[in-house]
Amino acid sequence: MSVIVLPFFESSSGSYSFIVANPESKCCAFIDAALGVTEGAADGQSLNTHCADLMLDWVAAHDYVVRWILDTHVHADRPSAAGYLKSRLLCAQTAIGADMPGISGYDRLLVEGDKLCLDHACGRVLATPGHTPGCVSYQFDDAVFVGDTLFMPDAGTARCDFPGGCPRRLYRSIQRLLSLPDEMRLYVCHDYGGERRHRYVTTVGEEKQHNVHVGEQRCMDDFVALRVKRDRALDEPKWQHIAIPANLHCMNLGGIQSLLMQTADG
């Protein structure tokens, strides 16, 4: 299988969504598709579907069939577009990792080793908990979509202070990813690179050598101490009180907008 990967940037949360496509079968999957939150509207905030609509436009323009709408985990920093996309792609299956307490509303709950077929070609599910208990990564060919488990080498790794998060589990999940071949491409959901040009893809070899949190064979105890100290200094994600309940239940656009209005009223 030789897949192509297309990135889509959602600016309000600074997050990347992806299409992974099999050009032979004309089938594809959406991964971590995001909704945006527009501030300054008359009602305070409103949702926008700009990023998700660009993904739909690409599929329509290139005559692809969407088989899967995948999330790597319950994102805390932006609403998932999975429910919105499902309403427009009725035959596609929404899916997320199974090991998140309270998860509902998805067509499939995925576990280690599950296959994700794009007709004659298949990807696989890798359990990579730590950031949340239900985090999974998706491997298609030489591309692995790691969600928030790893970032660019100069940005390090994901926080572990959400309910069920665990730095020791995250360390083991990262070591699993770093045991893959050095040339394997790792696609991330965010890039916190500061002044440099934003990036969305790195490699196993680059992470092993240069990741500021786990590179050069940092031991688990040192990583845990670093991660706990950093997490204590972090602010909570801006849209956490909307994103977590919406994403737990794969809400559609109307349901998420109602949550936004309730939060504004509160």
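The values are calculated or read from the model by the stated rules, or taken from the named source; none is laboratory data. This is a predicted model, so every value here is computed, not measured. As a convention, Cβ positions derive from the backbone with ideal geometry for all residues, glycine included, and neighbour counts pool all protein chains shown.
Name the residue that is nearest to V188 (Cα to Cα), counting only residues in segment 76-111 that are β-branched (V, I, T) and part of a loop (DSSP other than H, G, I, E, B). Filtering first and then ranking leaves V111.
Results for (1) within 26 Å of P237 (Cβ to Cβ); (2) surrounded by fewer than 18 Cβ atoms within 10 Å (Cβ to Cβ); (3) in contact with a Ser or Thr (Cβ under 9 Å, 6 or more places away or on another chain), shown as yes or no for each residue.
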residue	(1), (2), (3)
V146	yes, no, yes
L170	yes, no, yes
L177	yes, no, yes
E183	no, yes, yes
Y192	yes, yes, no
T202	yes, no, no
G205	no, yes, no
E216	no, yes, no
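Each residue in segment 112-123 was checked for being in a loop (DSSP other than H, G, I, E, B) and surrounded by 12 or more Cβ atoms within 10 Å (Cβ to Cβ), and 3 of them qualify.
Residue-by-condition table, conditions (1) at pLDDT below 95; (2) out of contact with any Leu (no Cβ under 9 Å at 6 or more places or on another chain); (3) outside any strand (DSSP E or B):
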site: M1; (1), (2), (3): yes, no, yes
site: F8; (1), (2), (3): no, no, no
site: Y16; (1), (2), (3): no, yes, no
site: L47; (1), (2), (3): yes, no, no
site: A52; (1), (2), (3): no, no, yes
site: W58; (1), (2), (3): no, no, yes
site: R67; (1), (2), (3): no, no, no
site: V74; (1), (2), (3): no, no, yes
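For segment 74-108, the set of residues classified as in contact with an Asp or Glu (Cβ under 7 Å, 6 or more places away or on another chain), of a type in the set (V, I, T) and surrounded by fewer than 24 Cβ atoms within 10 Å (Cβ to Cβ) consists of T94 only. Looking at segment 185-198, is at least one residue of a type in the set (D, E, K, R) and in contact with a strand residue (DSSP E or B) (Cβ under 6 Å, 6 or more places away or on another chain)? Yes, segment 185-198 contains at least one residue that is of a type in the set (D, E, K, R) and in contact with a strand residue (DSSP E or B) (Cβ under 6 Å, 6 or more places away or on another chain).
Looking at L226, L178, L259, L170, which is the one that is touching a His at 6+ places or on another chain (Cβ under 7 Å), without any contact (Cβ under 8 Å) to a residue 40 or more places away in the chain and hydrophobic (A, V, I, L, M, F, W, C)? Break it down into steps so the answer makes sense when it comes.
Working: L178 fails: touching a His at 6+ places or on another chain (Cβ under 7 Å); L259 fails: touching a His at 6+ places or on another chain (Cβ under 7 Å); L170 fails: without any contact (Cβ under 8 Å) to a residue 40 or more places away in the chain.
One residue alone meets the criteria, L226.
Take the residues of segment 180-226 that are assigned to a helix (DSSP H, G or I) and within 20 Å of the chain's Cα centre (by Cα): which is nearest to F145 (Cα to Cα)? Checked segment 180-226; the qualifying residue nearest to F145 (Cα to Cα) is V204.
Restricting attention to segment 247-266 and to residues that are out of contact with any strand residue (DSSP E or B) (no Cβ under 7 Å at 6 or more places or on another chain) and at pLDDT 90 or above, the residue that is surrounded by the most Cβ atoms within 10 Å (Cβ to Cβ) turns out to be M251.
Within segment 230-237, one or more residues are loosely packed, with under 13 Cβ neighbours inside 10 Å, under 18 Å from the mean Cα position of the chain (by Cα) and not in a helix (DSSP H, G or I).
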